[in-house]
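The values are calculated or read from the model by the stated rules, or taken from the named source; none is laboratory data. Predicted model only: the values in this text are computed from it and were never measured. Cβ placement follows ideal geometry from the backbone for every residue including glycine, while neighbour counts extend to all protein chains displayed.
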Amino acid sequence: MQPYKPKVKAPDPEQIRTITQILDKNALNTVCEAAACPNRSECYARKSATFMILGDTCTRACKFCNVATGKPLPPDPTEPERLAASVQQLGLSYVVITSVDRDDLKDYGAGHFARCVQAIRRTSPETRIELLTPDCKADPKALDTILASAPDKLAHNQETVRRLSKTVRPQSDYDRSLKTLAYYAAHASVPVKSSLMLGLGETKAEIIETLHELLDAGVTQLTLGQYLQPSPRHHPVICYYPQEFFDEMKVIALEMGFEAVASGILVRSSYFAEKLEATQQH
C-alpha cells in the first residue's frame, strides 16, 4: 500500500507569523499543532485555529492521537482571559474550543470550559463559540456545567465504529460517547455534532450502523475524514479511501437525516467548522 500524500495549499508566511506570535504571546495551545492536523497551514493562513485548553497532556492514551499522555498540571486560572485576548486580537468570528481529557479533575474540566466561554463573551460578544468536549464520563453535573455556558454548538467525537472502539480508544467507551451526545441533544437547543475517522479497519456497513446510532442520539451535524497515522507508534492505516467514497458517504448521511455533513480526505472535526451549516444541501 502506497502512503497517502495529502496536498495542501502553501500558506502566506506573513499570516502564519502573525497568528503564531499572538498564540505565543498568550501562551496558548492549539490542537492544530498538538494533533499534527494536516490542515493547520491552511487554517492558519485564513486566521483560524482550534484552541486546546486545560494543558497539552492528556490522561488517556488513544491509539490515533498525537497529543502527549501523562499526568497533567493543574488548570491555569489565567487561561480563559488569555484565550479571550487571542480571540479578540485575531478578530475571530467563530472559535472552536476543545481540550485534552482531564479524568484527574472532579468535574473533568467542565468548569474551565464554561469560564473560557464567559471570558470570550465579555470581550468578543459577537463571536460564535463551538465546544468540542471530552465525554466527561457522561456525568450529568459536568455536562450541565457545559450546557449552562450556552455555546453556539456542542460537539463530541465518536471517532470510530463500535467494533474498533476499545482498540482505538481503550480508556473511552463507545456507548458512553453516545450517552454524552444524547444528553447534549436532549438538553440544548443548539446543533450537536460528531466526527468519525475512516481507514482504521471499519467496514462500510459498520460506518452506516454508527451513523444510525449517532442520529438516534440526536446528532444533527457530522464530519467524516481519512485517518492519517501521526507516527509509526500509532494505529496503522488499514485503508485509504478515495474522495469518491467520502462523497458517497456524504450523500448517504444526508439522506439518512443529518442536517449538515462535511466529508473528505482531509476533513477533520473542526475543519471549516464555521461553514458546516452551508453544506446541508447536496
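A few comments on the model shown:
- Residue match in segment 186-193 (condition: touching a helix residue (DSSP H, G or I) at 6+ places or on another chain (Cβ under 7 Å), buried (at least 20 other Cβ atoms within 10 Å of the Cβ) and touching a residue at least 40 places away in the same chain (Cβ under 8 Å)): no
- When residues in segment 166-177 are screened for being part of a helix (DSSP H, G or I) and crowded, with 19+ Cβ neighbours inside 10 Å, 3 of them pass.
- Filter pass, Pro72 being surrounded by fewer than 23 Cβ atoms within 10 Å (Cβ to Cβ), touching a Lys or Arg at 6+ places or on another chain (Cβ under 7 Å), at pLDDT 95 or above and farther than 29 Å from Glu213 by Cα: no
- Filter result for Phe246 (assigned to a helix (DSSP H, G or I) and modelled with pLDDT of 95 or more): yes
- Flag for Ser231 being buried (at least 22 other Cβ atoms within 10 Å of the Cβ), polar (S, T, N, Q) and either modelled with pLDDT under 95 or in contact with a strand residue (DSSP E or B) (Cβ under 8 Å, 6 or more places away or on another chain) (or both): no
- Candidate set from segment 258-282 (those that are buried (at least 20 other Cβ atoms within 10 Å of the Cβ) and assigned to a helix (DSSP H, G or I)); member that is modelled with the lowest pLDDT: Ala273
- All positions within segment 178-200 that are of a type outside the set (Phe, Trp, Tyr) and part of a helix (DSSP H, G or I): Leu178, Lys179, Thr180, Leu181, Ala182, Ala185, Ala186, His187
- Counting only residues that are within 16 Å of Ile22 (Cβ to Cβ) and without any contact (Cβ under 8 Å) to a residue 24 or more places away in the chain, segment 90-107 holds 0 of them.
- Only one entry of Arg60, Arg82 meets the criterion of being modelled with pLDDT of 80 or more and assigned to a helix (DSSP H, G or I), and that entry is Arg82.
- Of all residues in segment 98-157 being acidic (Asp, Glu) and in a loop (DSSP other than H, G, I, E, B), the one that is nearest to Asp56 (Cα to Cα): Asp101
- Checked against the criteria, Val87 does not count as buried (at least 20 other Cβ atoms within 10 Å of the Cβ), of a type in the set (Val, Ile, Thr), in contact (Cβ under 8 Å) with a residue 40 or more places away in the chain and farther than 18 Å from Ala27 by Cα.
- Only a single criterion out of (1) outside any helix (DSSP H, G or I); (2) under 21 Å from the mean Cα position of the chain (by Cα) is not satisfied by His212, namely (1).
- Given (1) over 20 Å from Val237 (Cα atoms); (2) basic (Lys, Arg); (3) surrounded by fewer than 23 Cβ atoms within 10 Å (Cβ to Cβ), index of the condition Lys153 fails: (3)
- If you filter segment 4-45 down to residues that are modelled with pLDDT under 65 and of a type in the set (D, E, K, R), you find that the one that is nearest to the chain's Cα centre (by Cα) is Glu33.
- Taken residue by residue, segment 102-115 has no member that is buried (at least 24 other Cβ atoms within 10 Å of the Cβ), under 16 Å from Ser149 (Cβ atoms) and either over 18 Å from the mean Cα position of the chain (by Cα) or among the β-branched types (Val, Ile, Thr) (or both).
- Failed condition for Thr180, given (1) surrounded by fewer than 23 Cβ atoms within 10 Å (Cβ to Cβ); (2) touching a residue at least 40 places away in the same chain (Cβ under 8 Å); (3) polar (S, T, N, Q): (1)
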